[in-house]
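The values are calculated or read from the model by the stated rules, or taken from the named source; none is laboratory data. What you are looking at is a predicted structure, and each value in this text was computed from that prediction instead of being measured. Heads up, the Cβs are rebuilt from the backbone with ideal geometry, glycines too, and the neighbour counts pull from every protein chain shown. Accessible surface is based on the protein model in full, side chains and every heavy atom, while ligands, DNA and RNA are left aside. Shrake-Rupley method; radii C 1.70, N 1.55, O 1.52, S 1.80 Å.
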Amino acid sequence: MRAVRITRHGGPEVLEVTEVPVPVPGAGEALVRVAAVALNNTDLWTREGAYGRPGDPQARSGWRGPVVFPRVQGADVAGRVEAVAPGGDTGLVGRRVVVDPALYDGDGPDAHPVGLMGSERDGGYADFVVAPLERLHDVTGSPLTDDQLASLPTAYGTALGMIERARVREGETVLVTGASGGVGLAAVQIARAWGARVVAVSSGPKTDAVREAGADAVVDRAGDVVAGIRAAAPEGVDVALDVVAGDLVGEAVPLLREGGRWVIAGALGGYRVTLDVRRLYLHNAQVIGSAMHTPAHFGLLMDMARRAAVEPVIAAAYPLDQAARAQEELARRTHVGKIVLHPGVR
């Protein structure tokens with residue numbers, strides 16, 4: 001089969017299109033023919049080794065540790081079950097599925113993700129991928145396209161994890177940063193579906209697309225962001241869903257209302273933060289770290305997928321052998337929505 005893998009950290013040039021044996025599913029696993037695989041910032045950061053390690057933020061690292069090379073990239077897979085290992089449920093063969101890409105620290109519904117397909121194990125930049133049976137979710141009846149289904153796991157899973165950990169309630173005001181990106185746009189859509197009032201931060205040219213996704217107000221990040229948020233939410237913000245971090249955390253945490261929650265799931269604006277902690281303890285506010293989703297969160301997301309409760313926006317699609325070009329487009333951040341690869345297109 002064809003696969004795109006990396007043999008070292010670096011720029012897009014380290015992505016290699018190669019022929020490798022079709023993987024063989026082991027006990028409790030299935031072989032999935034990949035129909036679509038979506039790109040995420042995790043692909044860029046894993047390729048670059050940009051995640052750092054505890055105590056050494058500059059260390060070259062994948063999502064949760066050193067990458068074992070060669071590694072097939074790609075966390076987000078939608079496809080059909082091609083085969084199951086002996087003893088597995090053969091009724092799954094031919095079913096349309098989405099793969100939960102997380103590697104968990106336990107078997108329970110609230111287990112934490114401690115690894116990711118495409119970083120800690122081979123992913124879906126390939127014609128086929130192997131995945132544990134318990135991580136396959138049957139979405140055969142979903143009206144969403146393969147591209148839309150593949151867009152869900154990391155971006156929408158991360159957004160839903162943030163929303164669930166923040167305990168977003170109907171009627172609350174929710175701030176979403178980086179709102180035109182994959183996680184940000186997902187957060188806008190899901191928060192709106194939860195009945196929240198959404199204030200989004202995005203670049204000016206993408207304002208209309210973010211508003212169309214469900215934002216009630218959009219603040220242009222090119223201006224005075226804090227003043228824009230204050231104008232859009234004069235009574236304060238109940239929850240912030242933040243994938244930017246950087247200086248904005250220290251500047252905007254004071255905009256939280258009593259008991260507010262600031263949830264961070266990314267660091268596009270920088271990982272070093274200076275914060276006046278008085279704005280936390282004097283107002284019973286919380287800063288919450290959120291890494292992807294739990295199995296329970298992902299199950300809820302798949303229920304949404306089956307009834308098309310969210311509809312991911314597809315910005316572009318590329319054949320598998322143009323993975324480097326697709327990652328370059330992702331890194332430019334001029335698009336709105338998700339970029340996907342089609343392994344079956346030659």
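In the Gaussian network model of the chain, springs joining C-alpha atoms below 10 Å, which of Thr90, Thr294, Thr154 carries the largest mean-square fluctuation? Maximum among the listed residues: Thr90. Among Asp100, Asp110, the order of accessible area from largest down is Asp110, Asp100, computed with a 1.4 Å probe on protein heavy atoms.
Backbone amide hydrogens, once placed in the peptide plane, bring Val287 within less than 5 Å of Trp262, excluding anything fewer than 5 places away on its chain. Of the accessible area of the chain, computed with a 1.4 Å probe over protein heavy atoms only, carbon and sulfur atoms account for 50 percent. With q set to 0.10 Å⁻¹, the log10 of I(q)/I(0) for the chain, from the Debye formula over equal scatterers at the Cα positions, is -0.57. Largest mean-square fluctuation among Pro109, Pro101, Pro12, in a Gaussian network model of the chain whose springs join Cα atoms under 10 Å apart, belongs to Pro109. By DSSP, the beta bridges lying fully in the chain are antiparallel in about 55 percent of cases. Anyone know which of Leu300, Leu31, Leu282 comes out most mobile in the 10 Å Cα GNM of the chain? Of Leu300, Leu31, Leu282, the Gaussian network model singles out Leu282 as fluctuating most. Dividing the C-alpha radius of gyration of region 3-150 by 2.2 N^0.38 Å, with N its residue count, gives 1.05. Once C-alpha pairs closer than 8 Å and six or more residues apart are averaged by separation and normalised to the residue number of region 1-151, the relative contact order reads 30 percent. Over the C-alpha atoms of region 80-122, the Rg to Rh ratio, Rh being the Kirkwood estimate, stands at 1.05.
The mean sequence separation of alpha-carbon pairs under 8 Å and at least six residues apart, normalised by the residue count of the chain, gives a relative contact order of 19 percent.
Output the 0 to 90 degree angle, nearest 10, between the alpha-carbon long axis of helix 323-332 and the longest principal axis computed from the alpha carbons of the chain. The angle comes out near 0 degrees.
For the chain, with every protein chain kept in place, what is the accessible area per residue (1.4 Å probe, Å²)?
Details: 14120 Å² over 346 residues.
Here the per-residue accessible area is 41 Å².
Just so you know, the Cα atoms of region 167-266 work out to an Rg and Dmax of 11.7, 34 Å.
Roughly how many Å is it from the Cα centre of region 94-125 to that of region 217-281, as a whole number? Centre-to-centre distance over Cα atoms comes out at 30 Å.
Residues whose amide H comes within less than 5 Å of that of Leu116, counting only those at least five positions distant or on another chain, are Leu103, Arg121 (H built at 1.01 Å from N in the peptide plane). The trypsin sites (Lys or Arg not before Pro) of region 133-183 that meet both conditions, a loop assignment by DSSP and at most 15 other Cβ atoms within 10 Å of the site Cβ, are Arg167, Arg169.
Could you work out the local net charge near His9, counting Lys and Arg as +1, Asp and Glu as -1, over the other residues with Cβ closer than 9 Å to its Cβ?
+2
Normalise the Cα radius of gyration of region 96-228 by 2.2 N^0.38 Å (N = residues in it) and let me know the number. Walk me through the numbers before you get to the answer.
Numbers: Rg = 16.8 Å, N = 133, 2.2 N^0.38 = 14.1 Å.
Rg over 2.2 N^0.38 Å, computed on Cα atoms: 1.19.
If exposed GluC sites (Glu not before Pro) are those in a DSSP loop with at most 13 other Cβ within 10 Å, what is the longest stretch of the chain that has none?
Values: sites that count: Glu170, Glu235.
The longest uninterrupted stretch comes out as 1-169.
The chymotrypsin sites (Phe, Trp or Tyr not before Pro) of region 245-346 meeting both criteria, a DSSP state outside H, G, I, E and B (loop) and at most 16 other C-beta atoms within 10 angstrom of the site's C-beta, are Tyr271.
Of the trypsin sites (Lys or Arg not before Pro) in region 238-335, which ones lie in a loop per DSSP and count no more than 11 other C-beta atoms within 10 Å?
Counting only loop positions with at most 11 other Cβ atoms within 10 Å, the trypsin sites (Lys or Arg not before Pro) in region 238-335 are Arg272, Arg307.
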